[in-house]
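These notes concern the structure reproduced below.
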Amino acid sequence: MTKHFYLSLFVLILFSLILSIGCEKIEKTSPLPIEQLIPPEGKYDVTIYRDEWGVPHIYGKKDTDVAYGLAYAQCEDDFKTVQDGQILIRGKSGLVNGFNGFIFDYMLEFLNVWDIVNSQYETDLSDEIRAICEAYAEGVNHYAGLHPDKVICWDIFPATGKDIVAGFVLKAPLFFGLNRYIEPLFKSRKKPEIQRPKMLAKNDESTILKEIFEDLPLGSNTFAVSPKRTADGSTFLDVNSHQPWTGPVAWYEARLKSEEGWNITGGVFPGAPIILHGHNQYLGWAHTVNMPDLVDVYELTINPENPCQYRMDGQWKNFERKVVYFPVKIFDKYIIKIPREILFCDYGPAIRRAHGVYALRYAGYKNIKQVEQWYRMNKATNINEFEEALKIRGIPSFNIGYADYQGNIWYIYNALLPIRSEKYNWKGYLPGDTSETLWTEYLPFEKLPQVKNPQSGFIQNCNSTPFQTTIGNDNPNPANYSLTFGIEPPEHMTNRALRLLELLGSDDSITKEEFYEYKFDWTYSKNSLAKKYIEKLFNEFNPETDIEKQAIELLKNWDLKADPDNLSAGIAILTLEPVVRAEILNRPVPDLFKTFREKIKLLYSIYGKVDVPWKEINRLIHGKVNIGLGGGPDLLYCVYGEWTGKYLEGRAGDSYILLVIWDKDGKVHSQALHQFGSATQDENSPHYADQAYLFAERKMRTVHWEFEELKEYVAKAYKPGKEGNN
């Protein structure tokens, strides 16, 4: 420890003691009578049925009843994550989590989330969706009121409908990488280079990404097959998002049904009052992450006579400016208030740094209709109603894979693509003094890259280009799209996309069994980067030891599969994963031969050999459950692991999987799977990890769609707050 460290610490403590006097404090007890958090008896008419897997089936009279019941069920299974989200959106992260939480509070103010929500909540959202959000908030409040011992910050209660909407407004741009533009501007002592993100992936240095998305890959698979290509005239849909296995964007499964026509099953994140992807009796959809260019950074010219003015079209304009004091907890006892200047200009939020003043503009800024659009998608009954929901344009990114009971299939490169002037380089800093760079319009929905009912009979997307969605002549033409949109080019193909084109494209009579088999495929394509690097290794690597010779032989004999007992997959995947990822993300690629030698030494030091069965390396660990897996990075059976010193512990990838079939008569059937279970936070629950064994065996469980079928499997039925009345 240096003298400078102790001096800085002393100053910080002194500063905190001074500012803590009379400042905001965390409420240790409820600021209002707890009874006020509990809705009046009879306000909501809903029953939660738990099936044999603990999955909640929520049946209510009205849509609001169902939203309220969904919130209560989520809190039962994961109140911690629901509460964490409420802390974040109320700007209390600094109070609860200290300096680690301060960045979230700042982001909330920087993006102007609450001013936007407060000014537009009554005007931009329908009465229906406001009622849904407010009912969901009351479900959260009800649970908190009955379980005060689980509340860590009473300042965030009572939750409101505006909190729910604000959560969508804050998180939506993070999915297309907004934070990757903001954080370098703050962290760098000099003007940072702009790096347009290609994919949200692990080893990112973003604090926001690490805390929200747990610094793990976000991807996803979807594919749909029409009756043209199925053996029995059915229609298939794969709903298969890749998310972190824990945290605020980990999937939660629920079945919702009201007497007002809300009838759906699917996946939801904690804090979301509607299904984010899934199916109703008529149609279903899946999302995959896409990464168009939806963010621009502008370098502003500041008035040398007045630092609160910037130049626009030859005139000086005033910033909209305020100073916010952010309360931050230190030493679990004191609170300091950190001042930060918040600026807004014509482009959007602005940042003042020593190396300049910069503004950001991003797709969907001041748009609060995300939850409205998803709700309309939930309740659509045909392809036309679904399209009308998409035209709300509230969801700023995400590909959509769609199928329905009439045999329609559809891929949409969903995004708010800014219409930009061709005369500027939109990949770097832009001049922030001219309205020529101030885009205000988006490409119309009808002109987005999309493939509807292709002659091939199938569509797919696995975080890949929209220009290779299927085979044949129905793919969008890249020549029709400006490079300023930043759409993934035709050569941007993941292994997962390559494999689906190979599997689906070579089978013109796909059976139900093949539908399931293709979803769980664990093979790398012969056209993949993995195959390219493997060939480079056994053609060019010069082994120096017997162990290295053995490792090369393993690679030569590798069948490109990641099945659990595969003896070659371990050394192959450990070597290839960092190399392939770097090339895909356009980052410096590690030396292939050096990486290979390092992984040989690693395996030998731990296992005493290099021919280690893949299941001994690739593990699912949750509480006391520790089981071997097949699958791996960028496979259709996708598992991303983190090295823990002895093996790869699965942290992301396939999580909530939903495979949907409409038979030739249009009746829906589906099967689902979660990598852990419905009660991921309660180690004492039988549903903490009861689906993990199915996940390891690539087996699905039946979704109980009809109530008559569900009745045979109900393990518990109760009204919220009355868990004992089975």
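The values are calculated or read from the model by the stated rules, or taken from the named source; none is laboratory data. Being a predicted model, the structure only gives us computed values, none of them experimental. So basically every Cβ, Gly included, is an ideal-geometry build from the backbone, and we count neighbours across all protein chains shown. SASA here: full protein model, heavy atoms, side chains in, ligands and nucleic acids out. Shrake-Rupley method; radii C 1.70, N 1.55, O 1.52, S 1.80 Å.
Computed quantities for the displayed model
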quantity: Portion, in percent, of the accessible area of the chain that falls on carbon or sulfur, probe 1.4 Å; calculated: 49
quantity: Residues of type lysines that K333 reaches as a straight line, Cα spacing below 22 Å, ignoring anything fewer than 8 places off in the same chain; calculated: K25, K28, K92, K150
quantity: Which of N414, L504, S525, positive extreme of dipole for the stretch 410-535 (C-beta unit charges); calculated: S525
quantity: Simple label model, 7 Å out from Cα along Cβ direction - I152 to E517, nm; calculated: 4.8
quantity: Packing-based ranking, highest mean first, of 58-64, 621-627 given that Cβ atoms within 10 Å are counted; calculated: 58-64, 621-627
quantity: In nm, spacing of pseudo-spin labels at D563 and E128 (7 Å Cα→C-beta vector); calculated: 4.9
quantity: Packing-based order for 151-160, 493-502, using average beta carbon neighbours within 10 Å, highest first; calculated: 493-502, 151-160
quantity: Burial order of peptide ranges 224-230, 689-695 (average beta-carbon count within 10 Å, highest first); calculated: 224-230, 689-695
quantity: Cα gyration tensor, the stretch 433-585 - rounded (a/c under 1.5), prolate or oblate; calculated: oblate
quantity: Tensor-based shape of the stretch 279-383 (alpha-carbon gyration tensor, a/c under 1.5 rounded, otherwise prolate or oblate); calculated: oblate
quantity: Alpha carbon centroid spacing (whole Å) that separates the stretch 426-452 from the stretch 330-378; calculated: 20
quantity: Residue-normalised accessible area of the chain, given per residue in Å² at a 1.4 Å probe; calculated: 40
quantity: Spatial separation of Cα centroids for the stretch 43-69 and the stretch 532-588, in angstrom; calculated: 50
quantity: Using a Förster distance of 41 Å, the FRET efficiency for A354-D332 (Cβ separation, nearest 0.05); calculated: 0.80
quantity: Net charge over other residues, Cβ less than 11 angstrom from the Cβ of P444 (K, R count +1; D, E count -1); calculated: +1
quantity: Sparsely packed GluC sites (Glu not before Pro) within the stretch 278-372, loop by DSSP, other Cβ within 10 Å at most 15; calculated: E305
quantity: Within the stretch 293-437: Cβ-based charge dipole about Cα centre, in debye rounded to nearest 20 (Lys, Arg +1; Asp, Glu -1); calculated: 660
quantity: Antiparallel content of DSSP bridges confined to the chain, in %, to 5; calculated: 90
quantity: Partners for K601 among lysines (Cα-Cα distance below 16 Å; same-chain residues under 8 apart left out); calculated: K549, K609, K646
quantity: Two-site label geometry, S509 and D115: point separation in nm, points 7 Å out along Cα→Cβ; calculated: 6.5
quantity: Stretch gain in nm, segment A717-A231, where the contour uses 0.36 nm per residue and the Cα spacing is subtracted; calculated: 171.0 nm
quantity: Restricting the stretch 516-617 to GluC sites (Glu not before Pro) in coil, as DSSP defines it, with at most 10 other Cβ within 10 Å; calculated: E544
quantity: Members of K80/K624; K61/K711; K171/K452 lying beyond 22 Å, as alpha-carbon distances in this model show; calculated: K171/K452
quantity: Anisotropy class of the chain from Cα gyration tensor, a/c 1.5 cut; calculated: rounded
quantity: Charge context of G161, other residues only, Cβ under 10 angstrom, K/R +1, D/E -1; calculated: -1
quantity: The chain: relative contact order in percent, alpha carbon pairs under 8 Å with at least 6 residues between; calculated: 15
